[in-house]
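The values are calculated or read from the model by the stated rules, or taken from the named source; none is laboratory data. Fair warning: this is a prediction, and the values are worked out from it, not measured in the lab. Here Cβ is always computed from backbone atoms with ideal geometry, including for glycine, and neighbour counts include all displayed protein chains.
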Amino acid sequence: SVVTFQSNEPLTAELNGFTISGGTGTYLSAFDWTAGGGILCYSASPTIKNNKVIENTSENEGGGIACYYSSDQTIEGNTISYNSAGSTLSIGFGGGISVWSDNITIKNNTISDNSAGTNSTFGFGGGFQCASSTTGTIENNTIIGNSAGSSNTLGYGGGIACWDGSSLTIKGNIICDNSSGVLWICWPSIYYAFGGGIFLGDVPSNPPTKLINNTIAYNTVKFGYGGGIFLSFPESQIEITNSIFYKNSDYFGIGGQIAWWSGNPEPILTYCNYQLSSGVAPGAGNINEDPVFVDPSICDYHLQSTSPCIDVGNNNPVILTGLTTDIDGEDRIQNGTVDMGADEGGAPTLVELISFTAAGFRNRVAIEWETASEIDNAGFHIWRSRADNNSAEGEWIRVTEQLIPAKGGPTWGAEYTFVDRAVLPGHTCYYRLEDISYKGISTLHDPVLTRWK
């Protein structure tokens, strides 16, 4: 391991602001395996904060970080990426983070592109795994692009695996684009992969596992069940609220969002956007709509202002579990009612516009505008509509190829000019201004008319 804590270090001991890379783990004779490629915490509870834990490996467990027998440990604000666990013919636990017999808080981290069990028989928790009665909170993390298992190994929980009597409160996370591996045949037995996003196995009823305000989307199981979540023998019904389940998929196509063993307690879903081929999932406040993410192709799962997930959640679980901010650190409840998912989105960009004009001359139109102030504004686009028939607005076409960067701020404005050269004289055109927030939220301003000869 690059860094080890094995001397009962308390929470006040802090590893802050380092790059941890190239580690291969520490051999633990008590378990006869190797753990903690980047960082190993054994009977210690340091705070691990604001570090880059990247490109570490471990033969067995915790490619990035491994924690054993700690108490009240915090892992916060780190980038934990491109780590792997399980490089021998055994089991890989926790490509990014692995935790045993601990009480832990994992908050505001980016956990991406880690793998568990790539070259071993099984992989548990590509991004994070916990076992042996671990408790704690997984809050406001971005867990994207992790994998458990591979093209020829079995996987449980591409993003998160919580099992063996462990119980977590999982709230405010983006859990997207993770995957778990294929089936594994050891004749006469056949084993399947479970939980592209999350695998929950043998979780107890006390304390209960809860999922609140998570965005769980585009996760896959290559040959198995439960693209979003798989539940395996929970002691009681698991409560899931204010969450988005969208475009998760499994091989058999029967448990794309959530799957569980027949006869197991079914989950309780309330105030969730839960994708089905038709109808709405049972439970108060559930909907079945396109959540209107900003751009899933680049893993941007913020909500656009037109999202049906805005202002339709249930405030009580958010208040009771102390979820005060969203994935971006903004206030969790806005406009009086919490949104579904990890992002509290939808507030329009606050741009105070002083003027917006369009003047034609020969074969071009000069568009000018001035702002008094701009809050959360990334920039502008210009749209044009030909309106030759009775001056009625026609189809709108965006004429700016790239975003015009914002120059104003919360207490000052700016002046802007854009020249549209793709027009001909003798036509009537409307122009309108669109501002785009840093979350990708669009606000369109009133159009103006220009006519020239």
key: Pairs with Cβ under 7 Å, 6+ apart, first in region 223-236 and in contact (Cβ under 8 Å) with a residue 24 or more places away in the chain and part of a strand (DSSP E or B), second of a type in the set (S, T, N, Q) and surrounded by fewer than 20 Cβ atoms within 10 Å (Cβ to Cβ)   = Leu231/Asn264
query = Does at least one position in region 1-23 carry a residue that is surrounded by 22 or more Cβ atoms within 10 Å (Cβ to Cβ), in contact (Cβ under 8 Å) with a residue 40 or more places away in the chain and over 21 Å from Ala116 (Cα atoms)?
reply = yes
note = Flagged pairs (Cβ under 7 angstrom, 6 or more apart or on separate chains; first in region 365-378, at positive phi; second among the aliphatic types (A, V, I, L, M)) are Asp376/Leu350
key: Matching residues, region 87-117, being β-branched (Val, Ile, Thr), over 20 Å from Ser1 (Cα atoms) and either surrounded by 21 or more Cβ atoms within 10 Å (Cβ to Cβ) or out of contact with any Gly (no Cβ under 7 Å at 6 or more places or on another chain) (or both)   = Ile104, Ile106, Thr110
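Out of Pro207, Pro282, report the one residue that is assigned to a loop (DSSP other than H, G, I, E, B), at pLDDT below 90 and surrounded by fewer than 17 Cβ atoms within 10 Å (Cβ to Cβ).
Details: Pro282 fails: at pLDDT below 90.
Matching residue, one of Pro207, Pro282: Pro207.
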inquiry  = Any residue at all in region 25-35 that's in the same structural domain as Thr135 (by TED's automatic domain parsing), touching a residue at least 60 places away in the same chain (Cβ under 8 Å) and under 30 Å from Thr153 (Cα atoms)?
reply    = yes
inquiry  = Give me the strands (runs of 3 or more DSSP E) completely within region 340-416, filtered to those with at least 2 residues that are at pLDDT below 90, ordered by residue number.
reply    = 350-361, 364-375, 377-386
query = What number goes with the only condition from (1) at pLDDT 95 or above; (2) touching a Leu at 6+ places or on another chain (Cβ under 9 Å); (3) of a type outside the set (Phe, Trp, Tyr); (4) surrounded by fewer than 24 Cβ atoms within 10 Å (Cβ to Cβ) that Ser71 does not pass?
reply = (1)
request  = Check off (1) part of a loop (DSSP other than H, G, I, E, B); (2) closer than 20 Å to Thr241 by Cβ; (3) modelled with pLDDT of 95 or more for Ile143 and give me the number that stays unchecked.
outcome  = (1)
inquiry  = Quick check on this structure: which one of Glu9, Glu55, Glu59 is charged (D, E, K, R), closer than 27 Å to Gly197 by Cβ and more than 22 Å from the chain's Cα centre (by Cα)?
reply    = Glu59
ask   = Restricting attention to region 422-435, does a residue exist that is within 30 Å of the chain's Cα centre (by Cα), within 30 Å of Phe293 (Cα to Cα), at pLDDT 85 or above and surrounded by 15 or more Cβ atoms within 10 Å (Cβ to Cβ)?
value = yes
ask   = What's the number of the condition Gly263 fails, among (1) at negative phi; (2) modelled with pLDDT under 90; (3) surrounded by fewer than 18 Cβ atoms within 10 Å (Cβ to Cβ)?
value = (1)
request  = Take the residues in region 74-86 that are surrounded by 21 or more Cβ atoms within 10 Å (Cβ to Cβ) and over 16 Å from Thr19 (Cα atoms), then tell me which one is modelled with the lowest pLDDT.
outcome  = Gly86
task = Answer yes or no as to whether Asn114 is polar (S, T, N, Q), modelled with pLDDT under 95 and in contact with a strand residue (DSSP E or B) (Cβ under 8 Å, 6 or more places away or on another chain).
result = no
